[in-house]
Structures are given as C-alpha cells and as structure tokens.
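Everything below concerns the one structure shown next.
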Amino acid sequence: MENAETVAREPRVPRSSLRCELLFNLSFLAAAALLLGLTLPVHAAIYGLESSQYSLSAQSRAADRKIDTLTRKQERLDESLSGKNEELAALNTEIAELESQIEDFAYDDEDDYDAALRLKEEAQTYLARAYRRNDADYATLLLIAENRAGTPGYPNDNDLAVLEQAFVLAPQLASARLNLAQLLIHRDRAEEAVVLLEPLVNDPHGGSAYARALLLRAKGLTEEEAAAQEAALAGQVEAEGEADADDDPAGGR
C-alpha cells in the first residue's frame, strides 16, 4: 500500500514535454547527418590531394635519381673520351716516329727494303687502331695514305677515297690538296687536280714550288711553255690596259 501510494504521489511527465524532447533529439540527429554528409566529400577531396601530392613527390624523387644516374654516366663517358683522345694522340706520335724511321732507309739492299716494309706494316696496325677510334681525323687519314705510298698496288681506289675524305675534312690544308692532286694526276683526272692546285700556286703570300710543278704536270706543260704562256698573257693584259687608256677622254688631258 505504501509503495502504491508513493508511486501515486510522484508527478507525471506531461506528454507534451516528451514530444518536445523527442523532436529535439530528431532535429539534432538530422543536423548531425547533414553536417556529416557535407564534410565527407571535403575530407575525400583533401585525401585525394594529399595522395596526389605524395605521388608527385615520389615521381620527383624518381626523376632526381634518374638525373643523378645520367649525370654519373655522362661523367664516366667524358672521362672515357678524354682517355681515348689521349690514346689517339699517343698513337699518332708513334706512327709519326715509325714514318720517320721508314724515311731513314736508303734501300741500299733487299734487307733494308724488307725492314722498311715491316715498319710500314707495324705502322699500319697503329693506324688501323687510330682509325677505329676516330674515322673523322684528317691527320690519321693522311698518315694512312702516306704509309701506303710505295707499297705494292698503290694507289688503288681505297687510297684515293682516303685522300678525298682527308681533303673534305681539311680543305685548307696544303698537304691534303697536294697529296690528292698527285693521286688524281696518276689516275688521269688532271682537270680535277688543276682545280685543287691553282689556289696554292696563286697564293699571294707565296705559292708552293711543288704545287707549281704539279700544276704544270696536270696541264701537260713544261716550265718554258708555262713561262711563255704567262708572258703572252701579261702582254695581252698590258695591251688591253693601254687601249682602255686611249679610249678614255680624260686620259688625254
């Protein structure tokens, strides 16, 4: 009875208050859901940006490593090329020394001639190595042709091609012109030799006597015939100059 009376005396919560509390809770849950729905895409976008930034950083680090690797390869290549150039210079020096030894032989007997041929063969070995190192070195090409001179079968088509290539690489070099012109004359291509030789002979700083001799040979003239032609040409030029002076009215004043 006492409990029943106690319960009976406790105040009852009005139904309107319960309804308000329920509505508040529902509103709070709805607001939380709306806020969560708005922030999730933002967080997703931020995560995506962070992932992209990490990917770009990884790519940048990979690119830096590749650049470092290529730089080291370039340095090793430069060192290798430097060593090859030094080796090529040393080879050319050895070849020049061998050529000097060959020229010292007077070929007094067969033994001297055989010894000279052996030196030429040795020089040819060095020249072949130098050519493999650099096939665009005009000095090596000129030495190859010089070393071939005087050997059986010289000159052949390959000898001519070697000198033509040397001239293409160094047209300003007198030796390249002279050697090629001499071979062209030997191969009955005198007109081409004349074109090569005339700039050397007509050089205002002093023409080469050897170039002049080759030029006369290419033209099929003796020294006397060439001198007569030059004298006739000089006389013709002088006569034309006098005729021009006579025709000039100002010249008689």
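Bear in mind that the values in this text are calculations on the coordinates, not laboratory data. A quick note: this is a predicted structure, and the numbers were derived from the prediction, not measured. Please note: Cβ atoms are built from the backbone with ideal geometry, for glycine as well, and neighbour counts cover all protein chains shown.
Around E164, what is the net charge, scoring Lys/Arg as +1 and Asp/Glu as -1 over all other residues with Cβ under 13 Å from its Cβ?
Details: positive: R177, R187, R189; negative: D157, D159, E192.
Neighbour charge sum, excluding E164 itself: 0.
Can you tell me the FRET efficiency between N156 and D68 if r is taken as the Cβ-Cβ distance and R0 is 51 Å, rounded to the nearest 0.05?
Details: r = 52 Å, r/R0 = 1.02.
Using R0 = 51 Å, I get an efficiency of 0.50.
With a sphere of radius 12 Å drawn around the Cβ of A226, what net charge do the other residues whose Cβ falls strictly inside it have (Lys, Arg +1; Asp, Glu -1)? Write out the running numbers ahead of the final one.
Values: positive: R212, R217, K219; negative: E223, E224, E225, E230.
Taking every other residue near A226 into account, the sum is -1.
Would you order H205, H186 from fewest to most other beta-carbon atoms within 10 Å of each residue's own beta-carbon?
Working: H205 4, H186 14.
The fewest-first ordering by Cβ neighbours comes to H205, H186.
Quick one: net charge of A211's neighbours, Cβ under 10 Å, K/R +1, D/E -1? Intermediate values should be presented prior to the final figure.
Details: positive: R177, R212; negative: E198, D203.
Combined, the nearby Lys, Arg, Asp and Glu give 0.
Quote the charge dipole size of segment 171-242 about the Cα centre in Debye, to the nearest 20; the model charges only the Cβ of Lys and Arg (+1) and of Asp and Glu (-1). Mind dumping the intermediate values first?
Details: 6 positive and 12 negative charges, 114 e Å.
That gives segment 171-242 a dipole magnitude of about 540 debye.
Give the peptides 138-146, 212-220 in descending order of average Cβ contacts within 10 Å, highest first.
Values: 138-146: 22.6, 212-220: 17.2.
Most protected by this proxy first, the peptides run 138-146, 212-220.
Taking the Cβ of each residue in I67, I185 as the centre, tally the other Cβ atoms inside 10 Å and list the residues starting with the fewest.
Details: I67 10, I185 19.
Least crowded to most crowded, the residues run I67, I185.
Based only on other Cβ atoms within 10 Å, what is the fewest-to-most ordering of L77, L127? Before the final figure, lay out each step's value.
Numbers: L77 10, L127 24.
Ascending Cβ contact count within 10 Å gives the list L77, L127.
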